[in-house]
Amino acid sequence: MQEANTIEQNITALCDIDPMLDDIMILARCISIWKSHPKGKPNEVWSLDMILQDPQGNRVQATVRTKEHINKFGMLMDEDVIGTIVSITDPVPFNNYGTDQVRRNVVLENVDGVQLQCCFFDAWADKFTKYADNRNTLGHVVMILQLAKVNYFNGQLSIRPALFSTKIYINDKIPEIEAFRERYQQIPGYDSKKHIINIFSPAKKIIGKDEFLEGAVKKMVGNIRDSDRACHAIVYAKVHKIHRENGWAYLACKRCGSSAKEIQVTKPSSSGSKYKKQQTWKCNKHDEITAVGMRFKVIVRVIDDTGSASLLLFDDFVHKLCGVTCQELINQYGEAHEDYFPAELNVMVGKKLLFRFHYSDWNITNNDHIYQVKMMSEEDIIINAFKSDFIIEEPVTADKPNEEEQLQNSEMETPVLAVSKTSKFSSGDTIPFNIESTPPSGSGNKDAGLDTGSSGSGKHDIIDLDQYDDSAQEAKRQKMLEAGLLAEVKIEKED
């Protein structure tokens, strides 16, 4: 009892705080909190700001600037929200690192018309099933979410339950809900009969041709390195092979997807605690983290008629091409992913797609020509838009096999550019675009009467110019002079 009184005597009231005090202890409640960050970058926190209130009602603003303290106490700062439910989404199943889960969004609205999205998973998502099924008879539904976590996803603010602490109250008979309901019903134009919860399905984002092609340069694979400045480039190419020597998976931060490195604990704990310290990893973006998972990272070689290039595909793109998640393969074959290469990834070979990537200054200055794919598409409408005003293809005739037949009859080998007899391209284009088959060799051009250049297997003659009889050539030259087919330079006599 005496110790408790001593602690109370050491607590300084907020109204007594003075800059001259060296050591103070306060007892206060955090009634408001916000983060300072660069515009458009909510994850790069500069400081953690809050309003504190002591038992006497005094208030003061406090700021935490040390990154260590922000990471330590930021997870303890939770928010309470109250609002009326205006819409609920249908359940969305998804796979999270090999675990099947369900996600559901609920939109709340306050008396000022401001809406906030709440995201719930699994058992939390199931709580809203009865409200979605009986929405026509429930009317005005008010919800309180206590001790929730603030989250940013794709640049949008949302809240979600925190681990082991969040409480939810829906239409409970408590003063806070009743008071909010009365304030909401006083909004001009409010009609209880028309107030029904909306049900909608989250729209799946579809990339159109305008978004895919906007601001990008159309390229053939062999011309990628011709650019002397950074740009967004698009190529239409076929996956020729997978660089297995570079691996296929890596350990990633679950929040941002960056590579995660295990933090080695060098010094043993001096506390003598029998509980083992939680394993942590290092992320370049989020510093020390505890949630990691396996993701795809595959380098493929793509080809067209002009050459080949290496492209880097990360998790979403590999999943789209193979139809399997990285964690599923890890669960099937084992955690030692460096010791094997899953056969399921081989289905990528032979596929023909549009790849959009960033040809960066790093690629130019460091001679690093592995390009990270930003977008990928095999939609016909986008492929046709890519080819328009870029190339004119020959129509398929009866004596010329189509692309599918060429793909079946041809071997997958890196093509060699050959000379064509006739031009089939629009202005400015001098390159073929049939990537389904390997172009013919130079022998075909020789049969057509075209000069194919020197060959290592050709016959070479050695001529002695001192003993060479050029009378036949001289007679031929005189005939061409008489016929006017050859002009002779007139040499004037010197004065």
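Observations on the model:
- Label-to-label distance for Trp362 and Lys479 is 6.8 nm, based on points extended 7 Å past Cα in the beta-carbon direction.
- Sorted fewest first by neighbouring Cβ atoms within 10 angstrom, Lys35, Lys127 come out as Lys127, Lys35.
- Database remark: amide H of Ser87 closer than 5 angstrom to the amide H of Val107, Asn198 (H placed geometrically; neighbours at sequence offset of 5 or more, or on other chains; Pro and chain starts carry no H).
- Of Lys35/Lys261; Lys219/Lys297; Lys149/Lys374; Lys130/Lys320; Lys39/Lys241; Lys35/Lys167, those spanning more than 32 Å from alpha-carbon to alpha-carbon: Lys130/Lys320; Lys39/Lys241
- Per-residue HN-Hα couplings for region 248-263 [Karplus 6.51, -1.76, 1.60; θ = phi - 60°; Hz; x = Gly/Pro]: 9, 8, 8, 7, 10, 5, 5, 7, 10, x, 6, 5, 10, 10, 5, 8
- Distance between modelled label sites at Glu378 and Lys320, nm, 7 Å Cα→Cβ extension: 1.1 nm
- Region 203-233 versus region 19-63: alpha-carbon centroid distance in Å: 46 Å
Read the figures in this text as sums done on the coordinates, not as results from a lab. Only a predicted model underlies this, so the values are computations on that prediction, with no experimental measurement involved. Please note: Cβ atoms are built from the backbone with ideal geometry, for glycine as well, and neighbour counts cover all protein chains shown.
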